[in-house]
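**Student:** This is the structure, below, for whatever I ask next.
Throughout, read-outs are computed from the coordinates displayed, never taken from laboratory work. Worth saying up front: this structure is predicted, and the values here are computed from it rather than measured. Here the Cβ positions follow ideal geometry from the backbone for every residue, glycine too, while neighbour counts run over all protein chains shown.
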Amino acid sequence: MTQPRTYRAVGLTLRKSPAGEADLIASLYSREHGKLDVLARGARRLTSKLMGHFEPLTLVRLSIARGRTLDIVAEAEVVNAFPDVKADYASVARGLHVAELIDGFSASSASNPQVLDLALQTLDAIGKQSPAATDDHSPDLPLRYFDLQLLQLSGFLPELYQCVECGDGLEPERHRFAAGAGGALCADCITPPEIVVRPLSLPALKVLRLLHRTESVDRLPQLNMPATVQREVHGILSETLQYWLDRQLRAQSFLDAAKLA
Ligand SMILES: [Zn+2]
């Protein structure tokens, strides 16, 4: 059976790179086909009707022609450019954190529409945050929700309810965390020396469990989290993501730079 010569996809652009004189290669996460690399011919020309369609964090509807090496964009239409996310540097950095993790955790052509939905809902939540609101609640809570839920959808959810070594339920204030062991540990279990074990406070454990059981990002409560707990939750999730990605999160350092600026 021959494959049809063109196909359709709706996808979020994760990154783009220049190719040839005026072309670009866009990497997207699509609802229909998972991760896709497509060639957009002439898209870097100012006069191109594809100009701006493949900026990272843009949702596009595409018609794609099969090519010998790379598939080629035949038609493209912007569905959502997330202008609110692109309105300030910190929001862009948060958005790029989403794009980078989707990129890192999605194997080519394995499609999971829930991953795309999670990304789109997180971008909506990032866009709705007013910069003035950052003093009285936790502006990165939607991102931490995204981190935990992406780990879950990818099959890497850390254990949060019982000790990964002995299986006993966790007692308040007698718990630790080890990304390399798969999650929370009781105070008594001994792990191999190569496993990095860190303290895990009760407030941070409660926030992680809340992120786990909240149904969607727009149902997250407004939490007045002390900065120490925010840092701890961030640290635990970053460590877990990096353990599984085994590489530095460039978007994260970008975000950290944005916060220092
Ligand atoms: Zn144990």
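**Student:** Taking the alpha-carbon distance from Lys128 and a cut-off under 24 Å, which lysines remain once sequence neighbours fewer than 8 residues away in the same chain are dropped?
**Tutor:** Straight-line reach from Lys128, under 24 Å: Lys86, Lys259.
**Student:** Could I ask something else about it? Note down the nm distance, to one decimal, between modelled labels 7 Å out along Cα→Cβ at Lys49 and at Cys189.
**Tutor:** Those two pseudo-labels are separated by 5.9 nm.
**Student:** Rounded to the nearest Å, what's the spacing between the alpha carbon centres of the stretch 23-86 and the stretch 162-221? Just the number, please.
**Tutor:** 40 Å
**Student:** Quick one: dipole size for the stretch 85-260, taken about the Cα centre, charges +1 on Lys/Arg Cβ and -1 on Asp/Glu Cβ, in debye to the nearest 20. List each step's numbers first, then the result.
**Tutor:** On the way: 15 positive and 22 negative charges, 54 e Å.
Taking the Cα centre of the stretch 85-260 as origin, the dipole is about 260 debye.
**Student:** Any idea what angle helix 202-213 forms with the longest principal axis of the chain, computed on alpha-carbon atoms, 0 to 90 degrees, nearest 10?
**Tutor:** Tilt of helix 202-213: around 40 degrees.
**Student:** Let me ask something else. I'd like the Kirkwood hydrodynamic radius of the stretch 85-260, using the inverse of the mean 1/r over distinct C-alpha pairs, in Å.
**Tutor:** On the way: mean 1/r = 0.0596 Å⁻¹.
Computed over the stretch 85-260, the radius equals 16.8 Å.
**Student:** A further question on this structure: What FRET efficiency do you get for Ser216 and Gln3 if R0 is 41 Å and r is their Cβ-Cβ distance, rounded to the nearest 0.05?
**Tutor:** Numbers: r = 36 Å, r/R0 = 0.87.
Efficiency for this residue pair is about 0.70.
**Student:** Another question about this same structure. Counting other C-beta atoms within 10 Å, which of Val207, Val233 has the fewest, and how do the rest follow? Don't skip to the answer; put the middle values down first.
**Tutor:** Values: Val207 22, Val233 27.
Fewest to most other Cβ atoms nearby, the residues stand as Val207, Val233.
**Student:** What's the magnitude of the charge dipole for the stretch 6-80 around its Cα centre, counting Lys and Arg as +1 and Asp and Glu as -1 at the beta-carbon? Answer in Debye, nearest 20. Please report the intermediate quantities before stating the final value.
**Tutor:** Values: 12 positive and 8 negative charges, 9 e Å.
In debye, rounded to 20, the stretch 6-80 gives about 40.
**Student:** Could you grab the relative contact order for the chain? Cα pairs under 8 Å, six or more apart, rounded to a whole percent. Walk me through the numbers before you get to the answer.
**Tutor:** On the way: 441 pairs, mean separation 41.2, N = 261.
Contact order relative to length: 16 percent.
**Student:** Tell me the mean residue ellipticity at 222 nm calculated for the chain from its helices only (DSSP H runs of n ≥ 4, each -39500 (n - 2.57), averaged over every residue, nearest 500). Let's see the in-between values first.
**Tutor:** Numbers: 6 runs with 88 residues, N = 261.
Calculated at 222 nm, the ellipticity per residue is -11000 deg cm²/dmol.
**Student:** Could I ask something else about it? Which of Asp103, Asp147 comes first, and how do the rest follow, when ranked by fewest Cβ neighbours within 10 Å? Intermediate values should be presented prior to the final figure.
**Tutor:** Values: Asp103 17, Asp147 24.
Fewest-to-most Cβ neighbours within 10 Å comes out as Asp103, Asp147.
**Student:** Ok, one more. Which ordering of Ile72, Ile190 is given by a fewest-first count of other beta-carbon atoms within 10 Å? Display every interim value, and only then the final one.
**Tutor:** Numbers: Ile72 16, Ile190 9.
Placing the least packed residue first, the sequence is Ile190, Ile72.
**Student:** Same structure again: Need one number for the stretch 1-70: average projected area of the convex hull over its C-alpha atoms, nm².
**Tutor:** Working: hull surface 19.2 nm².
Quarter of the Cα hull surface area: 4.8 nm².
**Student:** Ordered by residue, what ³J(HN,Hα) values in Hz, to whole numbers, does the stretch 64-79 give under the Karplus form 6.51 cos²θ - 1.76 cosθ + 1.60, where θ = phi - 60° and Gly and Pro are x?
**Tutor:** Coupling constants for the stretch 64-79: 10, 9, 5, x, 5, 10, 10, 6, 10, 5, 8, 9, 9, 9, 6, 8 Hz.
**Student:** With unit charges on the beta carbons (Lys and Arg positive, Asp and Glu negative) and the dipole taken about the Cα centre of the stretch 44-115, which residue among Phe54, Ser106, Val92 sits farthest to the positive side?
**Tutor:** Of Phe54, Ser106, Val92, it is Phe54.
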